[in-house]
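One structure below.
Just so you know, all these numbers are worked out from the coordinates, no wet-lab data involved. What you are looking at is a predicted structure, and each value in this text was computed from that prediction instead of being measured. We place every Cβ from the backbone using ideal geometry, glycine too, and count neighbours over all the protein chains shown.
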């Protein structure tokens, strides 16, 4: 049993300290997950706080019957969904009013970082062309089903290749381009 | 930051999640995991920028496309081979370097084997040269030479050996020298007449020795006799017809010193004497004397030992039955 579940059961049992700890931890994690999922969206804190309030309310009501983390992530997903719908409606409204779309910001890469990433990818592709190949196919826009079908590999193999490619890329970047 | 993922099975989905490659169910599962696992949450947060760069940067995408073809079949074989042998890593760790090193190590071994094979060949070369010479004569000699003469000798005669190359010269299988003139052919080999006679003599002697060896017993029976200062110890009295190994105590004897051991028969006197006896067991201080059966006769014997540390000497009487 992980620490969240432990805290959850204690909190359900009336342990206020555990409830406070659980609230603090889940708020911090929901905040980070929301930030990750709403990349570049300034409202991620609001979204996370709303999700956290909902979770806490349900906790106090004793309405959480599933695993706590599952429940919390579901609440966050729904909250994010609601938020995105609002944003979409707002954008549509703005488009109707002003005839312009929200500017799509694409991340601008640091040239040094970009070069390091390319060097690392080259080094990974040497001994492990299959890892570079799946990355390339992802970048090309293939879905996981299409990639598995084309390379004749199982889905689990595909995930493992991606995981290993990531590990190699991360290690290479940590070493400044040396693998 | 947590050091490890709390569920490595789900943790392997991390990059697929970052690249939006998971199914909806798997995505939900991984997000549940992210709330439980601080390590993975840190990982996705920290790697987010790199992931986005890889997914959106045109130069990186172009580089990826140039690095590998979309499908493995479209990549040429030589390109795959080169990539395998010469990956972009520390050059010492490149497989090609390892293969070259292995070849460099194997080559001297190959040369060693080859040298050994040549030496083996050289040892057998005389026989092969003789065989070659015979073949040469069988083919070329027909023109110049006659078959065995009227007396029935299987002989041949080199009439023009100087004109032949050395490998074609007929050599004696016994002495190795070139046969110039008549020779004896026996069992596929050629010999000078003199060498043939010598070889025949040696062969007869060897055969005699061989049959003698075969007919004589190779294991001689041995009987043991253990003597003490007072009484002879043993289950039975030794008898004639077998070699005798006598063990006797030598308390006070010094190792690596010479002792005089004498075996005296009551009638014939001294039958055996060893003035440089050193066969002393360093653990139980006993001597061991081997007496061939030929020296033994029935009757009473006295074994005497003299030397450093034994005072006036030791004497052990014993008897041998008929």
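Overview of results
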{"item": "Contact order normalised by residue count of region A:111-174, Cα under 8 Å, 6+ apart, percent", "result": "41 percent"}
{"item": "Degrees separating the helix A:155-174 axis from the principal Cα axis of chain A, which is the longest one", "result": "80 degrees"}
{"item": "Region A:10-65-region B:5-83 distance, computed between alpha-carbon centres (Å)", "result": "28 Å"}
{"item": "Relative contact order, percent, region A:3-98 [alpha-carbon distance under 8 Å, six or more residues apart]", "result": "26 percent"}
{"item": "Length released on extending from residue B:297 to residue B:310, taking residue separation times 0.36 nm less the Cα-Cα span", "result": "1.9 nm"}
{"item": "Length-normalised contact order of region B:222-320 in % [C-alpha pairs under 8 Å, at least 6 apart]", "result": "31 percent"}
{"item": "Convex hull volume per residue for chain A, taking Cα atoms only, in Å³", "result": "188 Å³"}
{"item": "Chain A: angle of helix A:111-125 to the longest principal axis, Cα-based, in degrees nearest 10", "result": "70 degrees"}
{"item": "A:124, B:10 arranged by Cβ crowding within 10 Å, fewest neighbours leading", "result": "B:10, A:124"}
{"item": "Helix-only CD estimate at 222 nm, as mean residue ellipticity for chain A, using -39500 (n - 2.57) per DSSP H run (n ≥ 4)", "result": "-25500 deg cm²/dmol"}
{"item": "Cβ neighbours within 10 Å from other chains - mean over B:47-57", "result": "6"}
{"item": "Shielding by other protein chains, B:9-19, mean Cβ within 10 Å", "result": "5"}
{"item": "Distance from region B:261-322 to region A:154-179 (C-alpha centre basis), Å", "result": "87 Å"}
{"item": "Order of B:44, B:104, B:245 - criterion: other Cβ atoms within 10 Å of each residue's Cβ, fewest first", "result": "B:104, B:245, B:44"}
{"item": "0 to 90° range, to nearest 10: angle between helix A:3-12 axis and chain A longest Cα axis", "result": "20 degrees"}
{"item": "Taking A:161, B:91 and counting other C-beta atoms within 10 Å, the order from fewest to most", "result": "B:91, A:161"}
